[in-house]
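A.B. asks: What follows is a structure written as structure tokens; I'll ask about it next.
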Ligand SMILES: *Cc1c(COP(=O)(O)O)cnc(C)c1O
């Protein structure tokens, strides 16, 4: 569509942008293990509500000296997402927690704080707060800019980022600080609107997340908000002059997917749809917009097909996961049980 570009970040093994950061982190860690003199295995603990677990597990798959333990809430992860980390085997163990995502997160955090465990084991985190995950993401902003420049559109570029924990947009802001000549950013949100509200009135009020069809962005207290504040010296004016925001209901997101497909034939996933709509709403005359397409629509096949009048083809890579045998260790939400599991490693 004239003036609007999609930066498709879903061409990696698990079909979401998180592959970029997770794979980079896995290889950096492998490098430092090899040159270090501690010969113990590293244990990566990761709590997931879906996409993070699959990207991290696939990023570390088969890497020598590292074991990954993925904790996920029983019955709360889509079947496609679940098979992407429960069928891998080798150095990846899936742990099904009888609880919600917050329980998984709590178990992992408690393990990092437990002295006895840390004396025995090398434990590390792989959630998006880890700089080794978000720094490599700065590269694709430069890559997008260079592609546009080659195509003759290097001026007045607006980067629009569908946001949840705000790691992805923070990587863009750091790219900007490094010199990337884009004009401004849009943080596009679903109904979870704490950042949008902060932009409007300067008050940051975290709240419980609400469930939406763009579920990877259901975050009520984004963990990278502090980084954004820090980058701009806590200055609300500086932040609002560079970043604007939007917030959309599920109804608007699905209407956007249907409308875009009908007019252009381009199939958005629910997260990318939030970004596309934000550009349609906020792009000014003379500006060129790029929205980040953060996942392949087939990852949300049922949702997408119920809203857009078409069938979504499953990429072969997704099928391959779905044919595998699901293997998982059941776990209660009690830390003492998780600790016993870790102690016998
Ligand atoms: C994780 C995720 C997001 C949100 O990215 P943040 O870095 O947390 O803001 C958006 N879309 C998809 C598909 C995701 O998996």
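A.B. asks: Of 226, 258, 216, 208, which residue is away from the ligand (no atom under 16 Å from the Cβ) and modelled with pLDDT under 95?
C.D. replies: On the way: 226 fails: away from the ligand (no atom under 16 Å from the Cβ); 258 fails: modelled with pLDDT under 95; 216 fails: away from the ligand (no atom under 16 Å from the Cβ).
Just a single option satisfies the conditions, and that option is 208.
A.B. asks: Being within 16 Å of the ligand (Cβ to nearest atom), within 20 Å of the chain's Cα centre (by Cα), at pLDDT 90 or above and within 21 Å of residue 134 (Cβ to Cβ): is that true of residue 47 here?
C.D. replies: Details: within 16 Å of the ligand (Cβ to nearest atom): yes; within 20 Å of the chain's Cα centre (by Cα): yes; at pLDDT 90 or above: yes; within 21 Å of residue 134 (Cβ to Cβ): yes.
Here the answer is yes, as residue 47 does meet what is asked.
A.B. asks: Confirm whether residue 99 is assigned to a loop (DSSP other than H, G, I, E, B), assigned by TED's automatic domain parsing to the domain that holds residue 45 and away from the ligand (no atom under 16 Å from the Cβ). Reasoning before the result, please.
C.D. replies: Values: assigned to a loop (DSSP other than H, G, I, E, B): yes; assigned by TED's automatic domain parsing to the domain that holds residue 45: yes; away from the ligand (no atom under 16 Å from the Cβ): yes.
Yes, satisfied.
A.B. asks: Something else about it: Which residues, counting only those in the stretch 262-284, are buried (at least 19 other Cβ atoms within 10 Å of the Cβ) and in a helix (DSSP H, G or I)?
C.D. replies: Listed by number, the residues that qualify are 270, 271, 272, 273, 274, 275, 276, 277, 278, 279.
A.B. asks: For residues that are more than 12 Å from the ligand (Cβ to nearest atom), buried (at least 17 other Cβ atoms within 10 Å of the Cβ) and more than 15 Å from residue 187 (Cβ to Cβ), tally how many sit in the stretch 133-155.
C.D. replies: In the first step, residues of the stretch 133-155 are kept if they are more than 12 Å from the ligand (Cβ to nearest atom); the result is 135-136, 138-155.
This time we only want the ones that are buried (at least 17 other Cβ atoms within 10 Å of the Cβ), so: 135-136, 138, 140-141, 144-145, 148.
Filter once more, keeping what is more than 15 Å from residue 187 (Cβ to Cβ): 135-136, 138, 140, 144-145, 148.
Final tally of qualifying residues: 7.
A.B. asks: Looking at the stretch 92-106 only, could you name the residues that are in contact with a helix residue (DSSP H, G or I) (Cβ under 6 Å, 6 or more places away or on another chain) and over 14 Å from residue 44 (Cβ atoms)? If you could, list the steps in order and put the result at the bottom.
C.D. replies: Here is the first cut: in the stretch 92-106, the ones in contact with a helix residue (DSSP H, G or I) (Cβ under 6 Å, 6 or more places away or on another chain) are 92, 94, 97.
Within the stretch 92-106, 97 is the sole residue that qualifies.
A.B. asks: Here's a follow-up. Taking the criterion of being closer than 30 Å to residue 144 by Cα and either more than 16 Å from the ligand (Cβ to nearest atom) or outside the structural domain of residue 155 (by TED's automatic domain parsing) (or both), would at least one residue in the stretch 298-305 satisfy it?
C.D. replies: There is at least one residue in the stretch 298-305 that is closer than 30 Å to residue 144 by Cα and either more than 16 Å from the ligand (Cβ to nearest atom) or outside the structural domain of residue 155 (by TED's automatic domain parsing) (or both).
A.B. asks: Quick one: what pairs do we get from the stretch 287-309, first residue farther than 25 Å from residue 157 by Cβ and touching a residue at least 40 places away in the same chain (Cβ under 8 Å), second assigned to a strand (DSSP E or B) and within 10 Å of the ligand (Cβ to nearest atom), C-beta under 7 Å, 6+ apart or different chains?
C.D. replies: Close Cβ pairs satisfying both conditions: 299/16.
A.B. asks: Go over the candidates 187, 175 one by one and state the one that is closer than 16 Å to residue 7 by Cα, within 15 Å of the ligand (Cβ to nearest atom) and free of Cβ contacts under 8 Å to residues at least 40 places away in the same chain.
C.D. replies: On the way: 187 fails: free of Cβ contacts under 8 Å to residues at least 40 places away in the same chain.
Criteria check complete, one pass: 175.
The values are calculated or read from the model by the stated rules, or taken from the named source; none is laboratory data. Because the structure is a prediction, the values reported are computed rather than measured. Positions of Cβ are backbone-derived with ideal geometry, glycine not excepted, and every protein chain shown enters the neighbour counts.
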